[in-house]
Amino acid sequence: MSARFACSKSGVTIRLQMKNYHIAVVGATGAVGAELLRVLERKNFPVTSLRAIGSSRSAGKSLRFRNEEIAVQELGEDSFDKIDIAFFSAGGEISRKFAPVARSAGAVVIDNSSVFRMEADVPLVIPEINGEDVCKHRGLIANPNCTTAIALMAIYPLHRVFGVRRVFAASYQAVSGSGQRAIDELKQQVKDAARDRQPSAQVYPHPIAFNVLPHVDIFLESGYTKEEMKMQNEGRKIMHLPQFRASVTCVRVPVYRSHSVAVHGEFEKQVSVEQAREVLAKAPGLELVDEPLKNRYPMPLSVAGKDNCEVGRVRLDCALENGLTFWVSGDQLLKGAALNAVQIAELL
């Protein structure tokens, strides 16, 4: 299966040579992999065959896709024979080793790890923002960091009108961003607390139940974490804005699913709340939920399982010139991972 692209300044024109695709999902039994299968199914993506790929521990397990049982195959050098599009969501080490294997076999790789995102010849794509960048791919396209993707869904439409200079942000990140083990650990810690038992922490350095941890990813010499620098570094690449600056504190919270970000943005042009709300209400993939007097604002519970992100609490920033403050929530397993990957595939 192959696709032929005709790219122009206005976007992408794609002529498909065949109707259906042979798909591989690496990490099919993980939280993002399982969500990928659901997204492919409900979006009716044109799949001729699906190859579910996992570790040796997962091999032989059975997954359902379009009312069929599919056996999980162990990842190996021959896993990508006759595959057109390979979704990778099994961690950076697996992507680093096997994405080149998939490319060599002729597949287009859509990778959810961080290992290729900042490579100059690898497009880093949020379809609503820079979908035309898929034209530059050489068999590999990177999915952005989940928190960055959710924040940029609101930052970018404002940037197009007002010109963003810098942002200050704090994230409120769900434990599912760390995988199924973190979800299970939070559940167990809640049970332990209800029974007055000392909670055990293995996924994180401290208990996460009834706690918040200002610690996501590893610390750098600057005092920031790798996760915190991604919004600036990836934001510059996605928005084609090399001077963009972002100072971020990433916080893990005892929420099962969906990330939220409090954003304080400074813009080149004067911004009003009314103008900002109008822009955000029209932005693709984003819903304006901003009636605080009626207790309506974005929340993890309201966006869990939803494709669109939500933005609210829009107000002028009283500490920044031409500043605007807002709160955005999104399902990081969807727009922050699986949904965004499938949207990239739809561009292909």
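The values are calculated or read from the model by the stated rules, or taken from the named source; none is laboratory data. Note that this is a predicted model, so its numbers are computed, not measured. Note that we place each Cβ from the backbone using ideal geometry, even for glycine, and neighbour counts take in every protein chain shown. Note: areas computed on protein heavy atoms with side chains; ligands, DNA, RNA excluded. Shrake-Rupley method; radii C 1.70, N 1.55, O 1.52, S 1.80 Å.
Structure values in brief
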quantity	calculated
Region 54-92: number of residues that are farther than 23 Å from Gln180 by Cα and open to solvent by less than 50 Å² (accessible area, probe 1.4 Å)	6
Members of region 152-201 found to be of a type in the set (Ser, Thr, Tyr) and either more than 20 Å from Met299 (Cα to Cα) or in contact with a Cys (Cβ under 6 Å, 6 or more places away or on another chain) (or both), listed by number	Tyr156, Ser171, Ser200
Any hit, region 93-105, residues being in contact (Cβ under 8 Å) with a residue 60 or more places away in the chain, open to solvent by less than 50 Å² (accessible area, probe 1.4 Å), under 16 Å from Gly27 (Cα atoms) and aromatic (Phe, Trp, Tyr)	yes
Region 290-312 - residue that is within 21 Å of the chain's Cα centre (by Cα) and more than 20 Å from Asn340 (Cβ to Cβ) and, of those, surrounded by the fewest Cβ atoms within 10 Å (Cβ to Cβ)	Leu301
Among the residues listed as Arg257, Arg245, Arg252, Arg277, the single one being at pLDDT 95 or above, under 15 Å from Gly330 (Cβ atoms) and among the basic types (Lys, Arg)	Arg257
Residue among Glu278, Glu266 that is assigned to a strand (DSSP E or B) and more than 30 Å from Val190 (Cα to Cα)	Glu266
Any pair with Cβ under 9 angstrom, 6 or more apart, that starts in region 60-82 at a residue that is farther than 20 Å from Thr48 by Cβ and among the hydrophobic types (A, V, I, L, M, F, W, C) and ends at one that is open to solvent by 30 Å² or more (accessible area, probe 1.4 Å) and modelled with pLDDT of 95 or more	Leu75/Ile94
Residue under evaluation His240, criteria (1) open to solvent by less than 60 Å² (accessible area, probe 1.4 Å); (2) out of contact with any Asp or Glu (no Cβ under 6 Å at 6 or more places or on another chain); (3) touching a residue at least 24 places away in the same chain (Cβ under 8 Å); (4) not polar (S, T, N, Q), criterion not met	(1)
Only one of Leu280, Leu316, Leu320, Leu301 that is among the aliphatic types (A, V, I, L, M), under 18 Å from Met153 (Cα atoms) and in contact (Cβ under 8 Å) with a residue 24 or more places away in the chain	Leu280
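Residues are listed down the side, and each one gets a yes or a no for (1) open to solvent by less than 20 Å² (accessible area, probe 1.4 Å); (2) in a loop (DSSP other than H, G, I, E, B); (3) among the aliphatic types (A, V, I, L, M):
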| residue | (1), (2), (3) |
| --- | --- |
| Val203 | no, yes, yes |
| His215 | no, yes, no |
| Ser222 | no, yes, no |
| Glu227 | yes, no, no |
| Lys230 | no, no, no |
| Asn233 | no, no, no |
| Arg236 | no, no, no |
